[in-house]
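Since every read-out is calculated from the coordinates, none of them should be taken as a lab result. Bear in mind that the values here come from a model prediction, so they are computed numbers and not experimental data. Note that each Cβ is placed from the backbone with ideal geometry, even for glycine, and that neighbours are counted across all protein chains shown.
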Amino acid sequence: MQMSCPMPKLDYDIITLGHGSGGVLTNRLLNDSVFKLLSNDLLDKKHDGANFYLQGELAFTTDSFVVSPTFFPGGNIGELAINGTVNDVAMCGAIPKYLSLAFIIEEGLKMTEFWDILVSIKYAADEAGVQIVTGDTKVVEKGKGDKIFINTTGIGVMHPKANINAKRIKTGDKVFLNGNMAAHGMTIMSKREGLEFETDILSDTQNLNHLVADLLEQFGDKIHLFRDPTRGGVGTTLSEIAKDTKLGINIYEQYLPIERQVASACEMLGLDPLYVANEGLFMVFVDADIENDFLEVIQKHEKGKNAAMIGEVTEEHESKVVLHSKIGGKRVVNMLIGEQLPRIC
């Protein structure tokens, strides 16, 4: 459950161009909200950057978030930004430590909305165990943005047992998903289209770093690759890996985990769930000899309870992904051409 943080009493209700001027209004905005809510020893110094010590090999990533709508069932752009960046660091086999956070705000954004986004950011960062240590805020004219865009950068220390590299994938490796696919993309699309179902379809945005660290601790270099299938979905991500490794990948429709209502939404809108975006999902390639143990361990985690083995690596059909259907047919899964779902992250 998300933390409750009452918004402080302010003498302004919306964000104006003056809040991005670098003057008094900017100072008030940051001190009244960002610095107060996200306070930590590094951020409180209010430098142009952050100074800290890290030892060992590092992982470094950056991302931008422009999702529309800004608020959606199961989350909002704030926690999406934190979780997405944390997960990108984790996919490298690293333990996320520090994040930067930059806002591009359209004038007219309600302060209540900005506060709700900040609270979600605070909650997501605390849940992931990371600190936000530096950032930036800009305000653009009305009509030059879409409420708010967020840019983040993450840095972490490589897990000592990680050896994550697509070049380590080999014939016979098993491919797992840690949970149900297509939830985030269909949440966004259902919200836009006004679709109603028996229960709400919720975004799967969540941090995955703790689960990744536990799996690495137990299985070490038997894990060959993590990858999060965000934009382009599972199908595009698998196709990219097959092309990069020049190996074939078989996947099986009957094993693909997907919630019934998400599958129904895809069918109603004529969308292939293999190409729908995810935000709390990873694919992992592991040595075949740990298949059973790996599935048992990952399913014991809350964020892996719906995990499934969906396929394996093969020497057949080089550089191609082949889906084996429930009725015995086969089809090649190519990379997504064009944009299936606009503005999903």
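Which residues, counting only those in the range 60-69, are assigned to a loop (DSSP other than H, G, I, E, B) and either closer than 20 Å to S100 by Cβ or under 15 Å from the mean Cα position of the chain (by Cα) (or both)? Break it down into steps so the answer makes sense when it comes.
So in the range 60-69, the residues assigned to a loop (DSSP other than H, G, I, E, B) come out as 66-69.
Within the range 60-69, V66, V67 qualify.
Taking into account only those residues within the range 30-59 that are among the hydroxyl-bearing types (S, T, Y) and not in a helix (DSSP H, G or I), which is surrounded by the most Cβ atoms within 10 Å (Cβ to Cβ)? Can you show your working first?
We begin by selecting, within the range 30-59, every residue among the hydroxyl-bearing types (S, T, Y); these are 33, 39, 53.
Checking the rest, the ones that are also not in a helix (DSSP H, G or I) come to 39, 53.
On the way: S39: 12, Y53: 4.
It comes out as S39.
Report, by residue number, each residue of the range 31-48 that is basic (K, R) and on the phi < 0 side of the Ramachandran plot.
As a first pass, look at the range 31-48 and keep what is basic (K, R): 36, 45-46.
Correct list: K36, K45.
Residues that are in contact with a strand residue (DSSP E or B) (Cβ under 7 Å, 6 or more places away or on another chain) and more than 20 Å from L101 (Cβ to Cβ) were ranked within the range 1-15; the one that is surrounded by the fewest Cβ atoms within 10 Å (Cβ to Cβ) is D13. Checking the stated criteria, T85 turns out not to satisfy the condition of being of a type in the set (S, T, N, Q), under 15 Å from the mean Cα position of the chain (by Cα) and not in a helix (DSSP H, G or I). Here the range 5-20 is the region considered, the condition is being touching a residue at least 40 places away in the same chain (Cβ under 8 Å) and outside any helix (DSSP H, G or I), and the residue that is farthest from G145 (Cα to Cα) is C5. When the residues of the range 161-191 are narrowed to those that are assigned to a helix (DSSP H, G or I), out of contact with any Ser or Thr (no Cβ under 8 Å at 6 or more places or on another chain) and basic (K, R), which ends up surrounded by the most Cβ atoms within 10 Å (Cβ to Cβ)? It comes out as K191.
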